[in-house]
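Report on the structure given below.
The values are calculated or read from the model by the stated rules, or taken from the named source; none is laboratory data. Computed from a prediction, not measured in an experiment: that's the story for all the values here. Cβ coordinates were reconstructed from backbone atoms using ideal geometry, including for glycine residues, and neighbour counts include every protein chain displayed.
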Amino acid sequence: MTLSWTKNAHPARTSNPANSNIGKGYFNLIEKSELTFVQKELARIELQEVIQEVKKGEIEGFRMKIRGIHSEPFGGQPGGRQIQLEKKGFTIIRIHGRSMKRDVIETAVESLKGVNHPAMYPVLLVQELISLLSHQGDVVLDPFIGSGSTAMAAKALDRHYIGIELNPEYCQIAKERLTEFALLPPRLL
């Protein structure tokens, strides 16, 4: 059994945060757990702190795992949550409101009329990857710039870019796309 709370999942609870039941289920689980008296007290204190973070809007929500009640992490290297469960008897996972990335990024196929490029990547797909792997102001290198999708995505996300392409026809396509994009003047192509 896993309990979790987020503002979006239970909007009625956020109408009056001072009177809400945020975390009530976790307090009950702490009492039912086999944690020591000291571990239970620490769990109640940390739970109260994370509830205040939610009420202040510092985090979107949280989940709590309690040893003996929730399943323990498995696989991979032993890590922080596993160590917390062993030593403290519980762990609190803060949810910051950013959606979790999935294993598959879905986007529509992209093609441009009159553009003769056999494998043009959708700009939205490239944006997802760039946003996961870089920060604003970073430089994105695409050694096969092709039709310029990576450069367009980089510009849209406020990144610099370097594009390399051997085919002069593809270089021209990329230049034209970037000129039309018109957020910033093309930097390298």
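Quick rundown of the values:
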{"quantity": "Some residue of segment 127-144 being in a loop (DSSP other than H, G, I, E, B) and at pLDDT below 90", "calculated": "no"}
{"quantity": "Single unsatisfied condition, Leu112 versus (1) loosely packed, with under 11 Cβ neighbours inside 10 Å; (2) modelled with pLDDT under 75; (3) more than 22 Å from the chain's Cα centre (by Cα)", "calculated": "(1)"}
